[in-house]
Amino acid sequence: MAKRDFLSLLDFSFEELDYLIGRAIELRRMNEAGEVYQPFTGKTAVIILEMNSTRTRVAFEAGMNQLGGHAIFLSSNDSQLGRGEPIPDFARVMSEMVDIVMIRTQKQSDIECLAEHASIPVINAMSSFLHPCQLLADIQTFQELKGPIQGKTVGFVGDGYNMCHSYINAARQWGFNLRIACPEGFYPDENILASTNNAQMVETPQEAVDSVDLVVTDVWSSMGHESEEADRREVFQPYQVNEQLMDHASSEAIFMHCLPAHRGEEVSETLLDDPRAVVWREAGNRLHSQKALMEFLLIGKVD
Ligand code: CP
């Protein structure tokens, strides 16, 4: 089997993504039924996180463990990458020792460089440009609760950053409509926006969420923007997603946030506890969708 990487949602065909979501739903069912499924006996993953993580690390570590394999966590402080070992050299060494690598780092180009020089699958565990793994969990969650997302409408409100970019790619791949409202100066990358007719910028948060099926936001200051927090809080204040904004969405709409959330900033203090919020299931689906992804990359489709 030729090695595949998952650096972006665009690396997979729609059919492959659709398979992954179905498989993630099945792996969730098996997990809840207590079924032991361990096809990864003897397999090892290396998880490199150069930025903080809770969900991504636990999903990959617990997922690898549940599938019968083993995961090794490396931070910049523990590995020679943090002392300047070239990524191509690291890629070649990992390819000699382990079966799959997940990496979270700022530069998408560093992840691409790792994938280019590794003979084992590489997964983008988040860069400043994309967060494709989160989208697998989000689409799984939507489809579990609401059925196929094709033809539905999603409103994204907030920073036009890695989550917004990944939603644009998802709209392109799954064929849903995406309306995006961002403060001036925080728009998504123009090339990614121009890559699909399924995503449009709108003027206001109300326009973005009007009658939509799903409302999504993300933190106002992603990792790497901590020094801008005070300025951003002021600019983004009108873009808070709260119960009143949710009332503009469809009466059946749900709310997602990749977490961690800052209550009182991009979400109101209470929205995560509102019945329309599905963020805990969404977080849980990081585990099941990441298991489906690792299984696909290491074994291929399972009938
Ligand atoms: N959503 C997400 O990626 O969470 P972590 O940063 O905790 O991994």
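Some points to look at:
- Here Met64 meets the list (1) crowded, with 19+ Cβ neighbours inside 10 Å; (2) touching an Asp or Glu at 6+ places or on another chain (Cβ under 9 Å) almost entirely, failing just condition (2).
- Leading residue by the ranking (surrounded by the most Cβ atoms within 10 Å (Cβ to Cβ)) among those in region 23-56 that are outside any helix (DSSP H, G or I), within 16 Å of the ligand (Cβ to nearest atom) and of a type in the set (Gly, Ala, Ser): Ala45
- Selection from region 247-303 of residues that are buried (at least 24 other Cβ atoms within 10 Å of the Cβ), among the charged types (D, E, K, R), part of a helix (DSSP H, G or I) and within 15 Å of the ligand (Cβ to nearest atom): Glu282, Arg286
Yes/no matrix, rows are residues, columns are (1) assigned to a helix (DSSP H, G or I); (2) in contact (Cβ under 8 Å) with a residue 12 or more places away in the chain; (3) touching an Asp or Glu at 6+ places or on another chain (Cβ under 7 Å):
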residue	(1), (2), (3)
Ile103	no, yes, no
Ile111	yes, yes, no
Met126	no, yes, no
Asp138	yes, yes, yes
Thr141	yes, yes, yes
Pro148	no, no, no
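- In region 210-241, the residue that is farthest from the ligand (Cβ to nearest atom) out of those that are out of contact with any Asp or Glu (no Cβ under 9 Å at 6 or more places or on another chain) and either part of a strand (DSSP E or B) or closer than 20 Å to Asp138 by Cβ (or both) is Ser211.
- Of the residues Phe90, Phe73, the single one that is modelled with pLDDT of 95 or more, in contact with a helix residue (DSSP H, G or I) (Cβ under 8 Å, 6 or more places away or on another chain), among the aromatic types (Phe, Trp, Tyr) and away from the ligand (no atom under 16 Å from the Cβ) is Phe90.
The values are calculated or read from the model by the stated rules, or taken from the named source; none is laboratory data. All figures in this text were calculated on a predicted structure; none of them were measured in a lab. Here the Cβ is made from the backbone with ideal geometry for all residues, glycine too, and neighbour counts use every protein chain on show.
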